[in-house]
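Everything on this sheet refers to the single structure shown next.
The values are calculated or read from the model by the stated rules, or taken from the named source; none is laboratory data. Since the model is a prediction, treat every value here as computed from it, not as a measurement. Methodologically, a virtual Cβ is constructed for each residue, glycine included, from the backbone with ideal geometry; neighbour enumeration extends over all protein chains shown. Ligands, DNA and RNA are stripped out before the accessible areas are found, and what is left, the full protein with its side chains, is counted by its heavy atoms. Shrake-Rupley method; radii C 1.70, N 1.55, O 1.52, S 1.80 Å.
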Amino acid sequence: MTDGGGRSRKIVFPFGLTLLAAVVFVILVGLGEWQLRRAAWKAHELARIAALEHAPPAPIGPVLVRAAKGEDVSFTGVVADCAPGPATPAAFHMISDNGDWIARTLGPCRLAGAPFDGVVVDRGFLLSSRGSPNPPALNLPQPAHVIGVLYARAAPPAVGLAHPAPYVLVVEQESPPAPGVAATPYPDAGDNLQYVGTYAPTWFGLAGALACVYAAMLWRRTHPKR
């Protein structure tokens, strides 16, 4: 190829830029494929959650046996009869609810014949704590009969179980109810999956745009204006 003065001009292939574009292209396509896999996982998980929501609560013992074998039992509805015990200091987890601080009340449900010595029970909102970041110190009777849903959560160390199940039992019904505590289930678990896997078209679109920009740049480099 010659320049305007008739002299030949050597075209240098942009190896560095090509390598960079290829790496970014592969990353973008990989992110798109990852999002597609997450979308498939989301569809499976939503179907599992929907099936569990319509299933009657199961005795907690056999469910925790499955959990001890490595099965994911999150979102399973269970019924638990806790071993009796004296009133103990309540543990709390502070959250924001409608703009106010409020304490979620945690307590131990000790279980006989289960692969764990018990499960942490989230009994709901301590009503007297609303609006204060510091919940009061108080003793509460231990849970007796609980119906609720298992969520995969690390057990707080202050609850007092030596070998707790790796789940928190969120109360929907408790008999007798804990005084001053309102059973408050967690929000719909499916809401947290709303946006999982939805960005695959964005990543693939960016990969396509990158390929088009690179192709246009390469064409202009090899076909300069005369």
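The table for this structure:
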{"read-out": "Tally of residues being assigned to a helix (DSSP H, G or I) and over 17 Å from residue 202 (Cα atoms) across the range 10-39", "value": "9"}
{"read-out": "Single match in 143, 136 (criterion: part of a loop (DSSP other than H, G, I, E, B), open to solvent by less than 10 Å² (accessible area, probe 1.4 Å) and at negative phi)", "value": "143"}
{"read-out": "Matching residues in the range 187-207 - criterion: being surrounded by 15 or more Cβ atoms within 10 Å (Cβ to Cβ) and modelled with pLDDT of 75 or more", "value": "199, 200, 203, 204, 206, 207"}
{"read-out": "Tabulated pairs, the range 21-32, first crowded, with 16+ Cβ neighbours inside 10 Å, second not aliphatic (A, V, I, L, M), C-beta under 6 angstrom, 6+ apart or interchain", "value": "21/214; 28/203; 31/203; 32/203; 32/204"}
